[in-house]
Amino acid sequence: MSLILNLNDDEYPFDYISHTRIVVRGIVLNENNKIGLCVVSRDDIFGNVDYLETPGGGKEENESLIDGLIRELDEEIGYRCEVISELGIVNDYYNMIHRKNENHYYLCRVKEITNVHHVSKGDDYIKDIIWLDINEAIERYHSLNDYGLEKLVKNRELPILYEAKKIMHL
């Protein structure tokens, strides 16, 4: 998988990075070629913020990237999915929590419905799953704020959405 971006956190003061988290994320297509996005609402050290985020999460120690992705999509959006293509890697930093994320993105297709079964604290921030046309998703990301956590998520995910759009030939 090729690296697409290295993004620095210019929103919060840098102190140190204590750890790296390997993250797997999916641009998930349903039968209508709409992509599933998590509606996230949180009120924590990043503030009171609502935004969209691609489904995914941390890979567990003894998991492959693909196995971690399949598990995370099942937990967060309630679908078993198959991988269509690799999209790329985005490294980003969250100075507030002293973390580097190495995000591995994949284009996926829904195979079957399971049930959402959130298992981590981060999953509690997910309030809904919405399905959008890729162009609408890109527009929604462009409308996120250009500061704080929204900016960090926007900068990470927009390039991946454009990459997925190229692969989808739209």
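Assorted remarks:
- Shown for the chain: cysteine residues without a partner Cβ closer than 4.7 Å, namely CYS38.
- Inter-site label distance for LYS165 and ILE17 at 7 Å from Cα along Cβ, in nm: 2.9
- Calculated diffusion of the chain, Stokes-Einstein form, Kirkwood radius summed over Cα pairs, 10 °C and 1.306 mPa s, µm²/s: 99
- Efficiency of FRET from Cβ geometry, GLU82 and SER143, R₀ 30 Å, rounded to 0.05: 0.45
- Formal net charge of residues neighbouring ASN95 (Cβ-Cβ distance under 11 Å; K, R +1; D, E -1): -3
- Candidate aspartates and glutamates for bridging to LYS127, where Cα separation is under 13 Å - those fewer than 8 sequence places away on the same chain excluded: ASP43, ASP50, GLU53, GLU76
- Cα gyration tensor shape of the stretch 18-72, rounded if a/c is under 1.5, else prolate or oblate by comparing a/b with b/c: oblate
- All other residues whose Cβ lies under 9 angstrom from that of ARG21 are scored, Lys and Arg at +1 and Asp and Glu at -1, for a net of +2.
- Other residues with beta-carbon under 12 Å from the beta-carbon of ILE66 carry, at +1 per Lys or Arg and -1 per Asp or Glu, a net charge of -3.
- Hydrodynamic radius of the stretch 104-167 by the Kirkwood approach over all distinct alpha-carbon pairs: 13.8 Å.
- Inter-label distance, nm, simple model (7 Å from Cα along the C-beta direction), ASN6/ARG99: 2.1
- Flagged links, alpha-carbon separation over 23 Å, of LYS34/LYS154; LYS34/LYS100; LYS34/LYS166: LYS34/LYS100
Bear in mind these aren't lab numbers, they're just calculated from the coordinates by the rules spelled out. For clarity, every value in this text was computed on a predicted model and none was experimentally measured. Using ideal geometry, Cβ is built from the backbone for each residue, glycine included, and neighbour counts are taken over all protein chains shown.
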